[in-house]
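First up is the structure itself, then whatever we jot down about it.
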Amino acid sequence: MMRIHRWMRRVPLVLLAALVAAGAAGCSDDDEDAAKPAATPAATPTAGARATATATAGPGGSATVEPSLQPVIDALVSRDWARIAPLLARRDEPCITEVRIDTEAPPCPAGAAAGTQVPVFPAASCHNFVYEHELEGLFVRRPEGYPAPQVYGIFRPGEKHPRVERLPVGTLGVVFSDGSLAFMVMVRDGKVVSADFGCGASASDMAALVPVDAWLMAPPR
């Protein structure tokens, strides 16, 4: 409680009330200023944070993930084999001389011994191995006028392929859909390192193989 000094007793009551009110208002302003925390500058995003920004899709299936991905998307959406073929990264695998329907290895060229290393583009469909002569039909695989494939989702792959263990993974995985069927490609440094055409799988079937927290551009809901 405020103490009233002797000299205040000589002050008219109206003036005294004004002085007390002014003092109370001053204390309130000071208290509020003291309670407010000091402002801190807004954090500036680092270069690394910008580089890992969440992907967004635009018309035609574009994606802002990394620059090397866009030419791959453009080529696959075009269904132009002349543009797609140079982007397929091959790796050496040991060949076999006795080819079976369930094989997962390339056939040996004429005159080559079993186990000879031959270049192969790793791909799968209903079987876990796709022969070289089948690739064009699987990537193009639609007559003129049929809807072109579009990006359905983009994700960060784990250590193993989500469906076919023999297929290598890249730094990015992309699921494409043409409305009825779907396929999944793995991309590294602007090259397609594997492709999985499934076996009549829809885009949602393909997407269900990917962990929820791996999506950079999540599939539509």
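Some points to look at:
- Selection from the stretch 101-132 of residues that are assigned to a loop (DSSP other than H, G, I, E, B), surrounded by 11 or more Cβ atoms within 10 Å (Cβ to Cβ) and either among the hydrophobic types (A, V, I, L, M, F, W, C) or in contact with a helix residue (DSSP H, G or I) (Cβ under 6 Å, 6 or more places away or on another chain) (or both): A105, C108, A112, A114, F121, F129, V130
- Among the residues of this structure, R79 counts as one that is under 21 Å from P147 (Cα atoms) and at pLDDT below 95.
- Entirely in the stretch 139-221, the strands (runs of 3 or more DSSP E) that have 1 or more residues that are of a type in the set (S, T, N, Q): 150-155, 172-177, 191-196
- Residue pairs whose Cβ atoms lie under 7 Å apart, separated by 6 or more positions or on different chains, with the first residue in the stretch 165-182 and without any contact (Cβ under 8 Å) to a residue 40 or more places away in the chain and within 11 Å of D196 (Cα to Cα) and the second among the polar types (S, T, N, Q) and open to solvent by 20 Å² or more (accessible area, probe 1.4 Å), are A182/S202.
- Residues that are β-branched (V, I, T) and open to solvent by less than 20 Å² (accessible area, probe 1.4 Å) within the stretch 186-221 comprise V187, V192, V210, listed in sequence order.
- Residue in the stretch 143-156 that is open to solvent by less than 30 Å² (accessible area, probe 1.4 Å), at pLDDT 95 or above, farther than 19 Å from L87 by Cα and in contact with a Gly (Cβ under 8 Å, 6 or more places away or on another chain) present: yes
- Any hit, the stretch 172-185, residues being more than 21 Å from A148 (Cβ to Cβ) and open to solvent by less than 30 Å² (accessible area, probe 1.4 Å): no
- Summed over the stretch 104-124, the residues that are under 14 Å from L167 (Cα atoms) and modelled with pLDDT under 95 give a count of 3.
The values are calculated or read from the model by the stated rules, or taken from the named source; none is laboratory data. As the structure is a computational prediction, the values presented were derived from the model and not from experiment. Reconstructed Cβ throughout: ideal geometry from the backbone, glycine too, with neighbour counts over all protein chains shown. Just so you know, the surface numbers come from the protein's heavy atoms only, side chains and all, with ligands and any DNA or RNA stripped out. Shrake-Rupley method; radii C 1.70, N 1.55, O 1.52, S 1.80 Å.
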